[in-house]
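> I'd like to ask some things about the structure below.
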Amino acid sequence: MTNNNVNDNENSNLLERFYNHDWSLTSLGSINSWEPQIKSILDLCFKSGFPTYMFMGQNWITIYNEASIPVMKSLHPHAFIKPAIETWHEMPELITKLERVRESGKGIYEQNFYMELSRDGYKEEIYMDYSHNPIYKFDGTVWGVISIMTESTQKVLNERRLEALNKLSCQTIDAESLESACQIIMKALQNNQDIPYALIYLIDNNTNPITGFNSLVARLVATTFDEVCKEELVHEKLKRNIPDYFPETHEMIDLTKISDQDYVTYMEVKYATSTYSFLRCECWPINLVMKEEKPIKVLLKDNSQAILLPIKLTFCNERNLSAVLICGINLFRKLDDKYMEFYKSVLNYVNRILIRGMSIEEEKRRAKILSDLNHQNDMFFQSISHELKSNEY
């Protein structure tokens, strides 16, 4: 009941603003001069439960109904009764399509139309299904355009992210070692809109049996920036082109020498409808992620964003693996709950590939131990046989 009241009030406010506006000062003239069929279409627009817009006159004055407000977000209420060029200036293609309808007198329908629009405090990628249709005057000229639009952004994102997860899933069987697993993961994550780049650090925790000294080293094993450059067709050399807007990205990090005090600067990133806290740091906070065992969001030098995801695996109840997966965040998306769910799903598939690599590595290790034992047995029996033969003579 409360929601219906809110919707009714919102629609009443739009109608009140519409009828209180002095239309005589516009190129459209007063409402009394508008033809009956135009008033009927206006009534349909305001009463429709579907997001509906009308673009009117030479400069495409925009009105819309209450159902359109969730799509408009922070553009509402400023966009109401404003020329489209003021509200949709980031989308010149929209004006082009409206002009096309006016010139041809024919409607346009398109699915998953891509646009970039600042409606939540940042430039956001948006996908729309829409139909632009002409509004005619009695003389046959086009007076305006009525547009029925529904946002398909989440549908497009879901399909795109599912494809990325399927790509990771198909790579699991190819892992033949822990290192190859990391390389396979990075290859699968290349050219991914929702993970613009990725890096993976493996944590080596070793204890010197003589001194008892414990070393904790993070080793950069693979990135999506890795290239294999052939030199004189003799050997292959790994080449990494790490962007200069990254924090310091070392191949090896001695985690015992890094203090938590290095990670104290947090910045708030504010959107129109939400605020997020990001860590600003000189180097990747690998040890902080391992210590807190939770994702850490980082603001980079160019104000783009990344997230560090902890990995902790146990294989056969005897071998532990710690790692950190670093993922870039899409510039045109904010890190909302659905985005985080996607990262968690990615992490699940990454874990599977790593476990596969560990299991193959373990099988090879055990096979080598068995082979060495067999070789030692063979050598032992050969030695005994040789001694027995020598004693016979």
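The values are calculated or read from the model by the stated rules, or taken from the named source; none is laboratory data. Worth saying up front: this structure is predicted, and the values here are computed from it rather than measured. No Cβ is skipped: glycine too gets one built from the backbone with ideal geometry, and neighbour counts run over all protein chains shown.
> For region 58-152, which strands (runs of 3 or more DSSP E) that fit wholly inside it have 2 or more residues that are at pLDDT 95 or above and more than 29 Å from the chain's Cα centre (by Cα)? Quick ask: steps written out before the conclusion?
On the way: elements: 61-64, 108-118, 123-136, 142-151.
Filter on region 58-152 gives 61-64, 123-136, 142-151.
> Those residues that are among the aliphatic types (A, V, I, L, M) and crowded, with 16+ Cβ neighbours inside 10 Å, I need them from region 27-43; list them, please.
Once the filter is applied, which keeps residues that are among the aliphatic types (A, V, I, L, M) and crowded, with 16+ Cβ neighbours inside 10 Å, region 27-43 yields L28, I38, I41, L42.
> Can you name the residue in region 55-72 that is closer than 17 Å to E16 by Cα and small (G, A, S) and is also surrounded by the most Cβ atoms within 10 Å (Cβ to Cβ) among such residues?
Ranking the candidates gives S68 first.
> Would you pick out the residues in region 307-329 that are closer than 15 Å to L199 by Cα and either touching a residue at least 24 places away in the same chain (Cβ under 8 Å) or among the aromatic types (F, W, Y) (or both)?
The initial filter retains those residues of region 307-329 that are closer than 15 Å to L199 by Cα, namely 307-311, 322-329.
If the condition is that a residue be closer than 15 Å to L199 by Cα and either touching a residue at least 24 places away in the same chain (Cβ under 8 Å) or among the aromatic types (F, W, Y) (or both), then I307, L308, L309, I311, S322, A323, V324, L325, I326, C327, G328, I329 are the ones that fit.
> Let me ask you something else. Check off (1) surrounded by 22 or more Cβ atoms within 10 Å (Cβ to Cβ); (2) modelled with pLDDT of 95 or more for D194 and give me the number that stays unchecked.
It is condition (1) that D194 fails.
> I want to confirm something. Restricting to region 153-202 and keeping residues that are part of a helix (DSSP H, G or I) and of a type in the set (V, I, T), which single residue is farthest from Q305 (Cα to Cα)?
First, the residues of region 153-202 that are part of a helix (DSSP H, G or I): 153-174, 178-189.
Filter once more, so that each one left must be of a type in the set (V, I, T): 153, 156, 172-173, 184-185.
Numbers: T153: 21, V156: 22, T172: 28, I173: 32, I184: 24, I185: 21 Å.
Selected residue: I173.
> I've got another one for you. Which of the residues belonging to region 73-86 are crowded, with 19+ Cβ neighbours inside 10 Å and over 14 Å from M56 (Cβ atoms)?
Once the filter is applied, which keeps residues that are crowded, with 19+ Cβ neighbours inside 10 Å and over 14 Å from M56 (Cβ atoms), region 73-86 yields only L75.
> Given L178, L165, which one is within 30 Å of D337 (Cα to Cα) and among the hydrophobic types (A, V, I, L, M, F, W, C)? Lay out the reasoning, then the answer.
Values: L178 fails: within 30 Å of D337 (Cα to Cα).
Being within 30 Å of D337 (Cα to Cα) and among the hydrophobic types (A, V, I, L, M, F, W, C) holds for just one of L178, L165, which is L165.
Rundown of residues vs (1) in contact (Cβ under 8 Å) with a residue 12 or more places away in the chain; (2) surrounded by 15 or more Cβ atoms within 10 Å (Cβ to Cβ); (3) of a type outside the set (V, I, T), yes/no style:
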site: K257; (1), (2), (3): no, no, yes
site: S274; (1), (2), (3): yes, no, yes
site: I286; (1), (2), (3): yes, yes, no
site: N303; (1), (2), (3): no, no, yes
site: R333; (1), (2), (3): yes, yes, yes
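> With respect to M54, determine if the residue is assigned to a helix (DSSP H, G or I) and either of a type in the set (F, W, Y) or closer than 21 Å to R119 by Cα (or both).
Values: assigned to a helix (DSSP H, G or I): no; either of a type in the set (F, W, Y) or closer than 21 Å to R119 by Cα (or both): yes.
Here the answer is no, as M54 does not meet what is asked.
> Search region 169-191 for residues being closer than 22 Å to L331 by Cβ and touching a residue at least 12 places away in the same chain (Cβ under 8 Å), and hand back the single one that is surrounded by the fewest Cβ atoms within 10 Å (Cβ to Cβ).
Of the residues in region 169-191, the ones closer than 22 Å to L331 by Cβ are 186, 188-191.
Narrowing further to those that are touching a residue at least 12 places away in the same chain (Cβ under 8 Å): 186, 188-190.
On the way: M186: 20, A188: 26, L189: 27, Q190: 15.
Residue satisfying both the conditions and the ranking: Q190.
> Still on this structure: Failed condition for Y343, given (1) over 15 Å from I311 (Cα atoms); (2) modelled with pLDDT of 95 or more, with all others met?
Going through the list (1) over 15 Å from I311 (Cα atoms); (2) modelled with pLDDT of 95 or more, Y343 breaks only (1).
> Which condition number does S24 fail, the rest of (1) surrounded by fewer than 13 Cβ atoms within 10 Å (Cβ to Cβ); (2) in contact (Cβ under 8 Å) with a residue 40 or more places away in the chain being met?
(2)
> Still on this structure: Pairs only if they're at least six apart or on different chains, beta carbon under 7 angstrom, first in region 139-164 and among the basic types (K, R), second at pLDDT 95 or above and surrounded by 12 or more Cβ atoms within 10 Å (Cβ to Cβ); list them, first residue then second.
That search, which allows pairs on different chains as well, returns R160/Q193; R160/D194; R161/D194; R161/F342.
> So N166 fits all but one of (1) out of contact with any Cys (no Cβ under 8 Å at 6 or more places or on another chain); (2) within 19 Å of R100 (Cα to Cα); what number is the exception?
Single failed check for N166: (2).
> With respect to I135, is the statement that it is surrounded by 13 or more Cβ atoms within 10 Å (Cβ to Cβ) and touching a residue at least 12 places away in the same chain (Cβ under 8 Å) true? Please lay out each step first, then the result.
Details: surrounded by 13 or more Cβ atoms within 10 Å (Cβ to Cβ): yes; touching a residue at least 12 places away in the same chain (Cβ under 8 Å): yes.
Judged against the criteria, I135 is a match.
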